[in-house]
Amino acid sequence: MRPKRKQKLYMVLGLVSLAAIAVGLTLYALRSNINLFFSPIQIVAGDAPYERQIRAGGMVKEGSVARNPDSLDVEFTVTDYVEDVRVHYSGILPDLFREGQGVVVVGQLQHDGYIKADQVLARHDENYMPPEVSEALEAAGYSPADYQAKAAEVAERVEEREGASQN
Amino acid sequence: MWAFINKLRSPKWFYAISARLQPWFWAAALILIVTGSVWGLAFAPADYQQGNSFRIIYVHVPAAFLAQSIFVSLAVTGLVYMVWKIKIADMAATVMAPLGAAMTFVALFSGAVWGVPTWGTWWMWDARLTSMLILLFLYLGVIALRGAFASRDSASRAASVLAMVGVINIPIIKYSVDWWYTLHQPATFTVTGRAAMPMEMWLPLLIMVLGFYSFFIALTLMRTRSEILRREASKRWVRELAEETT
């Protein structure tokens, strides 16, 4: 490579790495603001402000959904399996909303410790499968979310168990 | 290797070789996209949670792949042009940028349409969606810079620098779903792990992705050829070519 070209290459690489460092430091400094939502752990620890618009995310706790039969009012618990936060909401829930489903709740944290939600958004995980497969999985006692992402792990465990029973 | 690269720098040689390659990529694009769409939209099974709305994946994911790959291509051609002054790289960059911007828009739009039935909102300022929007602005910036200079060389250099600096955004898009809490779910496909999707769902998706890439290559070859003619219009081989065909 000719010296002039080499110099240019270093200049360009230097410029790009400086820009990368700048962006990296900015993102690092803003890391808590880039997170879309507070987890229940953060809310219980007091990281989230009261009576201001915040977002909270987690799973809808199994068996926690209580609907008012006369209105659209609904109460449920959002959990990260460590801490729980109760949510009050009045409105139409997205189609994917169900117990065990990931949600993002937009609302105000009240001093009583519950969230008054203005909007409930459903998250979904990265697993896709036909309905027959999910039914078969559930019948076998696995959650559909375990499918394939954890399939290898489950297979290993089953093998180990079989190996142990043989010995 | 070097002989090949040296040949590739010559617009005349590129013009000849791309004429031979182009029909194959067009044919591949047509066959793959038609097969993938019919398979994905009509024959692949519906998702257990999302039902049929999950089929948007067959457009959304290929478009998003292409949007990011084209930006990386812009950065690489920009580097090649800046350091080695290879004109053909700059011509390719000129014609790739609008397709990349279009694909970014398709990914954002199809994502918004998909978000309404699944998430309950069409837009959320989460890290994945925002960094993808920034990618669209970077594309528009690259395209605008090319038009903003009187001298083509300054315009090409400015666009190359923006593409090379902007490529920092690509790993941010890719890893945004792992680094931060986002509404967008993590990647279904990873290089190392298994796909979180059965084969009858991912096979049509793979076909669509390959089809989109073939389309990108075919369109880039075609448009680079016209860019060569435009820029080399005063060269003797182009004039001879024009006389032959008229």
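The values are calculated or read from the model by the stated rules, or taken from the named source; none is laboratory data. Keep in mind it's a predicted model, so treat the numbers as computed, not measured. In this analysis, Cβ positions are derived from the backbone assuming ideal geometry, glycine residues included, and neighbour counts consider all displayed protein chains. Keep in mind that these areas ignore ligands, DNA and RNA; they rest on the heavy atoms of the full protein, side chains included. Shrake-Rupley method; radii C 1.70, N 1.55, O 1.52, S 1.80 Å.
List of remarks:
- Test result for B:GLY51, touching a residue at least 60 places away in the same chain (Cβ under 8 Å), within 11 Å of chain A (Cβ to nearest Cβ) and not β-branched (Val, Ile, Thr): no
- B:VAL142 in contact (Cβ under 8 Å) with a residue 40 or more places away in the chain, buried (at least 17 other Cβ atoms within 10 Å of the Cβ), over 30 Å from A:GLN101 (Cα atoms) and more than 14 Å from chain A (Cβ to nearest Cβ): yes
- Selection status of B:GLU240, at pLDDT below 90, within 30 Å of B:ALA44 (Cα to Cα) and part of a helix (DSSP H, G or I): no
- Long-range neighbours under 6 Å by Cβ, at least six apart or interchain, first residue more than 9 Å from chain B (Cβ to nearest Cβ) within segment A:90-117, second crowded, with 19+ Cβ neighbours inside 10 Å and polar (S, T, N, Q): none
- Exactly one residue out of A:LEU9, A:LEU15, A:LEU93 is out of contact with any His (no Cβ under 6 Å at 6 or more places or on another chain), open to solvent by 70 Å² or more (accessible area, probe 1.4 Å), at pLDDT below 90 and at negative phi: that is A:LEU15.
- Residue list for segment A:66-89, filter: part of a strand (DSSP E or B) and surrounded by fewer than 13 Cβ atoms within 10 Å (Cβ to Cβ): A:ALA66, A:ARG67
- For B:VAL167: the one exception among (1) over 19 Å from A:VAL23 (Cα atoms); (2) at pLDDT 90 or above: (1)
- For the residues B:VAL106, B:VAL95, B:VAL83, the requirement of being of a type in the set (A, V, I, L, M) and open to solvent by 20 Å² or more (accessible area, probe 1.4 Å) singles out B:VAL106.
- Segment B:180-215, residues that are farther than 14 Å from B:TRP39 by Cβ, more than 9 Å from every other protein chain (Cβ to nearest Cβ) and at pLDDT below 85: B:THR190, B:VAL191, B:THR192
- Meets criteria (open to solvent by less than 30 Å² (accessible area, probe 1.4 Å), at pLDDT 75 or above and in a loop (DSSP other than H, G, I, E, B)) for A:TYR128: yes
- So B:ILE173, is it open to solvent by 20 Å² or more (accessible area, probe 1.4 Å), more than 8 Å from chain A (Cβ to nearest Cβ) and in contact (Cβ under 8 Å) with a residue 12 or more places away in the chain: no
- Flag if A:GLY102 is in contact with a Pro (Cβ under 7 Å, 6 or more places away or on another chain), within 22 Å of B:TRP122 (Cα to Cα) and open to solvent by less than 100 Å² (accessible area, probe 1.4 Å): no
- Summed over segment B:111-139, residues that are more than 11 Å from chain A (Cβ to nearest Cβ), open to solvent by 10 Å² or more (accessible area, probe 1.4 Å) and under 16 Å from the mean Cα position of the chain (by Cα) total 5.
- Flag for B:MET82 being part of a helix (DSSP H, G or I), under 18 Å from B:ALA155 (Cβ atoms) and modelled with pLDDT under 95: yes
- Screening A:ILE41 with (1) open to solvent by 60 Å² or more (accessible area, probe 1.4 Å); (2) assigned to a helix (DSSP H, G or I); (3) within 11 Å of chain B (Cβ to nearest Cβ) gives one miss only, at (3).
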